[in-house]
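First the structure, in the form of structure tokens, and then the observations on it.
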Amino acid sequence: EVQLVESGGGLVQPGRSLKLSCLASGFTFSNYGMNWIRQAPGKGLEWVASISSSSSYIYYADTVKGRFTISRDNAKNTLYLQMTSLRSEDTALYYCARGELNWFAYWGQGTLVTVSS
Amino acid sequence: EIVLTQSPTTMAASPGEKVTLTCRASSSVSYMHWYQQRSGASPKLWIYETSKLASGVPNRFSGSGSGTSYSLTINSMETEDAATYYCQQGSSYPPTFGAGTKLELK
């Protein structure tokens, strides 16, 4: 069974940093592209970043480019999102999702990031 | 960026009623994908590549469309279908989602 378990969320002040993790199991992690997708409270879904299976290709939404860094450790079956210069508009539930061609086949339960002073 | 517009924003349907949700793209896309999100839960892949049902999705659901116009249809509404449905395109970067249609039980 595919499982994606996010962690690392919490309350952080504007301008500070936070690093999210996503531990994958139930599939060969190194074979799949991975993604971060967020959902602000009461709002819709917003794609944040993607990374290919070998980290050769990385893409970001314009809203986070230059502030967020996606990475992965295939030996640890773990996806990361390093977030810096956080803003109030980054407040959201952050999901990791396994990519499948150009859709998102499996989603984790999410980790909540709240940016507030 | 391709903008996806879903309609209606909210609707209510009675058990047994046929339901059609629409997603329109600002530019032509090759496929449309759909996700179901029940209240308090993570999104689930529901339909991929326009018309293929994800594993475990009941066959009362179907998807169709091409170009800039796509739809998700429920042949006969059931209680468990009450949820928000999002369309998503991956034909060009960035991947984008529609704002969602909230489907309620009447």
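Some points to look at:
- Total residues in the range B:82-99, condition surrounded by fewer than 23 Cβ atoms within 10 Å (Cβ to Cβ) and either in a loop (DSSP other than H, G, I, E, B) or in contact with a Lys or Arg (Cβ under 8 Å, 6 or more places away or on another chain) (or both): 8
- For the range B:44-63, the tally of residues that are closer than 14 Å to residue B:85 by Cβ and touching a Lys or Arg at 6+ places or on another chain (Cβ under 9 Å) stands at 4.
- Subset of the range B:35-53 (residues that are more than 9 Å from chain A (Cβ to nearest Cβ) and outside any loop (DSSP other than H, G, I, E, B)): B:36, B:46, B:47, B:52, B:53
- Residue match in the range A:62-77 (condition: in contact with a Lys or Arg (Cβ under 7 Å, 6 or more places away or on another chain) and open to solvent by less than 60 Å² (accessible area, probe 1.4 Å)): no
- Put simply, of A:35, A:77 the only residue that is touching a helix residue (DSSP H, G or I) at 6+ places or on another chain (Cβ under 6 Å), at pLDDT 95 or above and either farther than 12 Å from residue A:4 by Cα or not small (Gly, Ala, Ser) (or both) is A:77.
- The strands (runs of 3 or more DSSP E) falling completely within the range A:12-117 that include 2 or more residues that are within 9 Å of another protein chain (Cβ to nearest Cβ) and touching a residue at least 60 places away in the same chain (Cβ under 8 Å) map to A:34-39, A:92-100, A:103-107.
- Failed criterion for residue B:70 (all others in (1) crowded, with 18+ Cβ neighbours inside 10 Å; (2) assigned to a strand (DSSP E or B); (3) more than 14 Å from chain A (Cβ to nearest Cβ) hold): (3)
The values are calculated or read from the model by the stated rules, or taken from the named source; none is laboratory data. Since the model is a prediction, treat every value here as computed from it, not as a measurement. No Cβ is skipped: glycine too gets one built from the backbone with ideal geometry, and neighbour counts run over all protein chains shown. The accessibility values were calculated without ligands, DNA or RNA, using every heavy atom of the protein model including side chains. Shrake-Rupley method; radii C 1.70, N 1.55, O 1.52, S 1.80 Å.
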